[in-house]
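The structure appears below as structure tokens.
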């Protein structure tokens, strides 16, 4: 009983702290930067981090196994991973603004009424009783967290550049607006293929746009860095899962839906890493691949569980 | 940047700048410079000669430029063959290449044609957009495989994808069955794509990555200030000495090469080379997977406690390379099957105590297996995968014990239900009545009387009798049977080797390969550098390092350096 109370307190603290942090971020984005506020948001994230850590440790002690056994626990762990990645590039204040809401959303979703049924920590089914559980699940969820962060940055690039296209189109002569909308967008798209080109072009427009292009470049490079890190985790996660499967199910690869989707995710991010190799495909194209990866991770993480098929049934919404 | 081919996607452009010697490697001219060399099917040979010729030319050129051979300090590593390159040398080599095909066209022969074809194939296969397309296709096919139910009878697909209501307007069961999407992961389309991707991997490794190793192993100096300033990061330090820069870079973990006024330093070369390892590891996994698919044996069996079976009887081959070993004569005896339970009554673990007997009946191994803890004997692995209840041992009015076979009533998922029936009265009458006994696990048996009413629950081994309709029943034991999977898989060691290599090389790939050039120009040191991954951190790190470079008050040192270089 004391554990569940403690758990409740911790979830509520972390959740409310994150919401405050996000509102601070929004304020600093809208109003000019207030240093004191920004510092407090950093502290807030650290508090959240410790709260979630405490939550996980509590559950660990309470259930006497690592808290990775069901969806709720994996979500909490995911938001823990997010908070780590939030603190990682903490020098770049705008980047953390993009990551902070994801902590909130995962936390909010985990604690929402939708999942109340599975809040109670459950027993481990025989197949999960293995030392591989820790390695496999922690690596997978860390990789989800990293890849989601990275691809969110890519989504942000897409959003910003799309707005840019619209802005530029808007600035062009109003008379030709409709006529040129299509052709201009096309030309712009071709230009976008080469980011450098864009940077040169946009720097023409205004002083503000120069910062914007700098910002896009920052987003791009951080996105690449974080996705590469997530890719390592994903590789280790999938492979340790394969080794585990060879111990538990008798085959290292079963084409189980969850496995398959993890492999699809891996392939998509492998494509992302390869698009970075070619200058021509860098920038918008690679961010499109990464944004695709963003959705695929969610399919892999939730979609398959929603369908409730395959051997990875432990994380499903409906307890059978 | 330079007149580069676009056919070598994996290669970063900048390397060409520095080492144009390898230009012909990447150019993929349809005819080689040395077609008169007897063809032995080894493309690399002619290339190598080609490049050798050129490198000697270059060296001569450079000798003209630099004159005296210069000493390398600050480095104890014996350097690989030196290449000294001026920024503008590329133009010259480019022209030479233009002339090459003209000369060899006259000698075009069958071997030349074959070589051209294979080169063209390599060129196409190592094309990055193609590889990306292949990966996308494979991802899409896999996704499709999770949406279409796999391994069902054709009737299922007739109903699921009827012709009169096609999915998305065109997708009917004809597509599913014709393309083999009912067994996606072994369909020719999917396996073909995987094979194509494997071929692309090999082609890319051979044509671009391996040459890259050779390029990367050389280190090159930049002699002109403009070339250094063109780098992604560049900075000029007034009143500094290049030796100090070198020392500081060495302190930061860089390999530093210093020659006269020029400095070249690099770090994290492994990060540039590891992607080759990634590709090789992937090929290894593919090879292992193929071997697993064609050379393994699989089988599953449900054995009641106390019985035995011969391993070879259960195992059936999966492919044409499967060949049985003598381990297949081993007899497996199930000594005991039991479950562990949580306090709440749920199953925590299944255990089977197995004995392996060789052909003479001698016990060679004994082990209690459980889920996640299989038994390995020779090439055979035995897994605990399933269970059921085979029989109930009862005493009826102190007679017996009788063995009642248990029938599975519900076998979906983990919630199994087994039942049996003890007839009461006349067995031959049309509506025979009796006592029903149901069990979900080996822990407790639920007993119903002849009317179907709940009578009680008994645990096996409790010896507590239950009296139903005047019949006294004692449940002596519940006999479980163990579901075992048997497997031999010759591909596992290869696949595991691939796994290990893949994990390691992906991690190493995260390292960033940074290169730094510096040039002493009077009292000023011009520093330029680039990195392939950590583009955000690199300028910061560089600024941090360069802050440490001491400012020289008396300019004598740098003048000395100038004298040496002059």
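Computed from the coordinates by the stated procedures, all read-outs in this text should not be read as laboratory data. What you see is a predicted model; the values in this text were computed from it and never measured. Ideal geometry is used to build each Cβ from the backbone, glycine not excepted, and the neighbour counts take in all protein chains shown.
Per-residue shielding of B:135-147, expressed as the average number of other chain Cβ atoms within 10 Å of the residue Cβ, stands at 5.
Shielding by partners for A:245-258, please: the mean number of other protein chain Cβ atoms within 10 Å of each residue's Cβ. Let's see the in-between values first.
Details: counts 0, 9, 6, 8, 6, 13, 8, 10, 5, 1, 8, 1, 6, 1.
Going residue by residue through A:245-258 and averaging, the value is 6.
How long is the gain from residue A:160 to residue A:9 if the chain were fully straight, where each residue apart is worth 0.36 nm and the alpha carbon distance is subtracted?
So the chain would gain 50.5 nm between residue A:160 and residue A:9.
Panel order for B:459, B:165, by other beta carbons found within 10 Å of each beta carbon, from fewest to most: B:165, B:459. Once the C-beta distance of residue B:313 and residue B:336 is scaled by a Förster radius of 30 Å, the resulting FRET efficiency is 0.90 to the nearest 0.05.
Report the calculated FRET efficiency for residue A:298 and residue A:2 (r = Cβ-Cβ distance, R0 = 30 Å), to the nearest 0.05. Walk me through the intermediate numbers first.
Working: r = 35 Å, r/R0 = 1.17.
The formula returns an efficiency of 0.30 here.
Report, as an integer, the average count of C-beta atoms from other chains found within 10 Å of each Cβ along B:477-488. Let's see the in-between values first.
On the way: counts 0, 0, 0, 0, 0, 0, 0, 1, 3, 1, 3, 0.
For this peptide, the per-residue mean of nearby foreign Cβ atoms is 1.
In terms of packing, defined here as the mean over residues of other Cβ atoms within 10 angstrom, the peptides B:515-522, A:41-48 line up highest first as B:515-522, A:41-48.
Ordering A:49-57, B:150-158, B:260-268 by mean Cβ neighbour count within 10 Å, with the highest value first, yields B:260-268, A:49-57, B:150-158. All alpha carbon pair distances within the range B:158-252 were sorted into 5 Å bins beginning at 0; the resulting P(r) in whole percents reads 3, 9, 8, 11, 9, 7, 7, 6, 6, 6, 6, 6, 6, 5, 4, 1, 0.
Output the peptides A:144-153, B:379-388, B:337-346, B:436-445 sorted from most to least packed, where packing is the average of other Cβ atoms within 10 Å over each peptide's residues. Can you show the working numbers first?
Details: A:144-153: 26.7, B:379-388: 21.0, B:337-346: 13.0, B:436-445: 19.3.
Sorting A:144-153, B:379-388, B:337-346, B:436-445 by mean packing, highest first, produces A:144-153, B:379-388, B:436-445, B:337-346.
Reducing the range A:242-304 and the range B:175-231 to their Cα centroids gives an inter-centroid distance of 17 Å. Once both labels are positioned 7 Å from their Cα atoms along Cα-to-Cβ, the gap between residue B:329 and residue B:428 label points is 5.1 nm.
The modelled label-to-label distance for the pair residue B:183/residue A:53, using points 7 Å beyond Cα in the direction of Cβ, is 5.2 nm. Annotation: extensible slack from residue B:149 through residue B:320 equals 58.8 nm (criterion: 0.36 nm per residue apart, minus Cα-Cα distance).
What FRET efficiency, computed as 1/(1 + (r/R0)^6) with R0 = 35 Å and r the Cβ-Cβ distance, is obtained for residue B:113 and residue B:213, rounded to the nearest 0.05? Intermediate results must be reported in sequence, preceding the final value.
Numbers: r = 30 Å, r/R0 = 0.85.
Step by step, r from the Cβ atoms, then E = 0.70.
A full extension of the chain between residue B:365 and residue B:250 corresponds to an added length of 35.6 nm, given 0.36 nm per residue minus the alpha carbon distance. The modelled label-to-label distance between residue A:134 and residue B:393, using points 7 Å beyond Cα along the C-beta direction, is 4.1 nm.
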